[in-house]
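The values are calculated or read from the model by the stated rules, or taken from the named source; none is laboratory data. All of these numbers come straight from a predicted model, not from anything done at the bench. So basically every Cβ, Gly included, is an ideal-geometry build from the backbone, and we count neighbours across all protein chains shown. SASA here: full protein model, heavy atoms, side chains in, ligands and nucleic acids out. Shrake-Rupley method; radii C 1.70, N 1.55, O 1.52, S 1.80 Å.
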Amino acid sequence: IHLNFALVGGFLGVYAILLHMGNFGSAQTGNIMEMAASLVSGEWYDVLLRFLALPLFGGGVVVSYLLTNHTNINMRKLAIVVFCSAFQWGVYSSANGYNSSTIFSSNNFKQAVLGWTQYFLTKDSEFKKKGILYTNTVLSFFIGACYGAVAVNAFAVRAAYLGFVPLATGWILVVKHSMVLEAERPQEIAKEAETELEDAQRLEIEQK
């Protein structure tokens, strides 16, 4: 699921850059730099647009957080239906215990390099897992960007429709994963109950 949405992030990123004057809507660092350049050159309309982009993107992050923590909504499904980068960042932002964005790659690349460096220095398998995860995330993002570039070159604005392909596969993976969790839940509850019983019995013996 994580790699699928990293691919989506790459597709949407390159789509925005190629068809919207080089603007990468997911990168607020670039937005701030462009706002500073427009401010210095006196392009006030552009400054206003760039400034409004900050609370717009931030609002998406806030709404995603509130819905995730204060409702029972299935955010993985909602993020696909509503789809916006801020939602995707809030919902699909980790895998295997590691924080990993699916909408841009700077930190993923950094963590991939660090993971492999740490592994070669220590031979710790956990660092190898880290390196593999982040490397695969970067590669998936790149593949999505290539897919987006091919789509835009072939279909221009209508390339957006091809973005529904990875969204559909993402939906299928999320639904399948939910079904697996539901199937495993009774077994997990039974196992937890058994563990709690064993702990209680051990504690009773120790107290005696």
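Observations, loosely collected:
- Of all residues in the range 6-24, none that is more than 17 Å from Val138 (Cα to Cα) and among the basic types (Lys, Arg) has its Cβ atom under 8 Å from the Cβ atom of a residue that is at pLDDT 95 or above and part of a helix (DSSP H, G or I), 6 or more apart or on another chain.
- When Met21 is tested against (1) surrounded by 13 or more Cβ atoms within 10 Å (Cβ to Cβ); (2) out of contact with any Pro (no Cβ under 9 Å at 6 or more places or on another chain); (3) within 26 Å of Val157 (Cα to Cα); (4) not β-branched (Val, Ile, Thr), just one condition goes unmet, and that condition is (1).
- When the residues of the range 93-109 are filtered to those that are in a helix (DSSP H, G or I) and in contact (Cβ under 8 Å) with a residue 12 or more places away in the chain, the one that is farthest from Met179 (Cα to Cα) is Phe109.
- Residue identified as under 20 Å from His177 (Cα atoms) and either out of contact with any Asp or Glu (no Cβ under 6 Å at 6 or more places or on another chain) or hydroxyl-bearing (Ser, Thr, Tyr) (or both) among Gly60, Gly90: Gly90
- Residue that is farthest from Ala154 (Cα to Cα), among those in the range 24-45 that are of a type outside the set (A, V, I, L, M, F, W, C) and open to solvent by 60 Å² or more (accessible area, probe 1.4 Å): Ser41
- Filtering Gly115, Gly60, Gly144 for residues that are modelled with pLDDT of 95 or more, open to solvent by less than 30 Å² (accessible area, probe 1.4 Å), farther than 23 Å from Thr169 by Cα and of a type outside the set (D, E, K, R) leaves a single hit, Gly115.
- Only one entry of Leu121, Leu162 meets the criterion of being over 14 Å from the mean Cα position of the chain (by Cα) and open to solvent by 80 Å² or more (accessible area, probe 1.4 Å), and that entry is Leu121.
- So Gly9, is it under 15 Å from the mean Cα position of the chain (by Cα) and surrounded by 14 or more Cβ atoms within 10 Å (Cβ to Cβ): yes
- Residue pairs meeting the criteria (Cβ under 7 Å; at least 6 apart or on separate chains; first more than 12 Å from Leu54 (Cα to Cα), in the range 29-40; second at pLDDT 90 or above and of a type in the set (Val, Ile, Thr)): Ser38/Val47; Leu39/Val47
- Test: Glu184 is in a helix (DSSP H, G or I), over 30 Å from Ile80 (Cα atoms) and at pLDDT below 95: no
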